[in-house]
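The values are calculated or read from the model by the stated rules, or taken from the named source; none is laboratory data. The structure displayed is predicted, hence computed values, not measured ones. Every residue, glycine among them, receives a Cβ derived from its backbone with ideal geometry; neighbour counts consider all protein chains shown.
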């Protein structure tokens, strides 16, 4: 229900309009079609009506053009409700469509009308509003005392916590950590309340802004903003903080510009700026360098996170100078590896290999001449055991020349070292004792008993070392550990429990 007004003259006198719903107001004017004329409404009683916008009068400025003269005199508007904007009057007239000389409310009474914004009137701005006048000026002032009676579309933004005459002085690359906020106002000095429940909002309803940095006096100055330079306004303000500014030395304007107006029309003044001055990088200890790869230098004091340790010096962003320490790495926390003398390692490996080959030849020759009296007298069996122990000991020497030790290397080294020791020195000790025993007990010697027991000492020594070896393995007492030499260089060695000393 409602009335679409077109060209001509309309006069409504002493009428009552109550308890009605209007999709676009009781009177709907649009310049899609011609509406010029004179429309007079006197002594109307308009009460308990509802509409989406402009319960009584909805002026829809679509294309601009002629405007009718609309005179409302001595009307009473009581208990009317607009679901969104303009409890009585709504207009989106803007640009060249000025209606204040054409739409006039004279000596009207307004009581208990409601709307989300503008209980009586909602317009684009004060230059495009209807003319409300009353013979009693106090009555109009009383209506305006309620900030939500007369509301316009947002027209400007104002900083809440920044004086526009102040200047923020920084180096290129510094952060602006303080939170700055701007509020949105209309032409009646009303501060707009923006829904803070972003979870219920839709993208098209959000007021969006962008931050930019441009030269105040010199447009050729190069600059860039890092951080959240695009966001939305919420909780009744547009806020920003923790942005990093990179630019050439000079004077700048840090501009906040509204780029999306949500459910409102565009603002007349949709941007606001703060003064920023980037000074020359001449502080002691500071570095002036392009670290972003954008051909704009940043001025910064070198900081390292984590910190440089072991007397390392931070010389750039997360770059430590370790040249005057015994350490290396990003934070001077890594030791240099001990460098082995490779020619010595090669010498021992080659020597051990030659000894192994010679020993194998001797074993073959010994087997070939095993029935010679001299071989028998020297104890063929013990000679073979000593030679086998010699081969194993050469393998031990080769393993010692490794640059790094794994745990399995330490286990093998321990085992073959002690097996070689047992075979060689066990055999030599047994032979020496047998010679002594034979020379002293020559007449009473029992050769069968002596031969049957000749391997017992050597086998006993081997078994002792194997038992100790198994204990160390079961108790996890063989490890490869890092140690430091006299030059503070790191190397890996094998570590054995004190139990291993029982073998001696």
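Values for this structure:
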| read-out | value |
| --- | --- |
| Subset tally (residues that are within 17 Å of the chain's Cα centre (by Cα) and touching a residue at least 40 places away in the same chain (Cβ under 8 Å)) for the stretch 228-246 | 4 |
| So residue 404, is it at pLDDT below 85, out of contact with any helix residue (DSSP H, G or I) (no Cβ under 8 Å at 6 or more places or on another chain) and within 23 Å of residue 429 (Cβ to Cβ) | no |
| Residues (crowded, with 17+ Cβ neighbours inside 10 Å, part of a loop (DSSP other than H, G, I, E, B) and touching a helix residue (DSSP H, G or I) at 6+ places or on another chain (Cβ under 9 Å)) located in the stretch 82-110 | 92, 93, 94, 97, 99 |
| Flag if residue 446 is at pLDDT below 85, out of contact with any helix residue (DSSP H, G or I) (no Cβ under 8 Å at 6 or more places or on another chain) and exposed (fewer than 11 other Cβ atoms within 10 Å of the Cβ) | yes |
| Residue selected from the stretch 465-489 under the condition touching a strand residue (DSSP E or B) at 6+ places or on another chain (Cβ under 8 Å) and exposed (fewer than 14 other Cβ atoms within 10 Å of the Cβ), by the criterion farthest from residue 418 (Cα to Cα) | 488 |
| Whichever residue in the stretch 149-164 is outside any strand (DSSP E or B) and within 30 Å of residue 294 (Cβ to Cβ) and, among such residues, is modelled with the lowest pLDDT | 164 |
| Out of 284, 373, sole residue that is at pLDDT below 90 and not assigned by the TED database to the domain that holds residue 487 | 284 |
| Unmet criterion (only one of (1) touching a residue at least 60 places away in the same chain (Cβ under 8 Å); (2) under 22 Å from residue 11 (Cα atoms)) for residue 104 | (1) |
| Among residues of the stretch 302-313, those that are more than 22 Å from the chain's Cα centre (by Cα) and either part of a loop (DSSP other than H, G, I, E, B) or within 18 Å of residue 174 (Cβ to Cβ) (or both), counted | 5 |
| Count of residues meeting criterion [touching a strand residue (DSSP E or B) at 6+ places or on another chain (Cβ under 7 Å) and part of a loop (DSSP other than H, G, I, E, B)] in the stretch 165-193 | 10 |
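Listed here are the residues, each with its yes/no results for (1) touching a strand residue (DSSP E or B) at 6+ places or on another chain (Cβ under 6 Å); (2) farther than 12 Å from residue 206 by Cα.
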position: 229; (1), (2): yes, yes
position: 234; (1), (2): no, no
position: 244; (1), (2): yes, yes
position: 259; (1), (2): yes, no
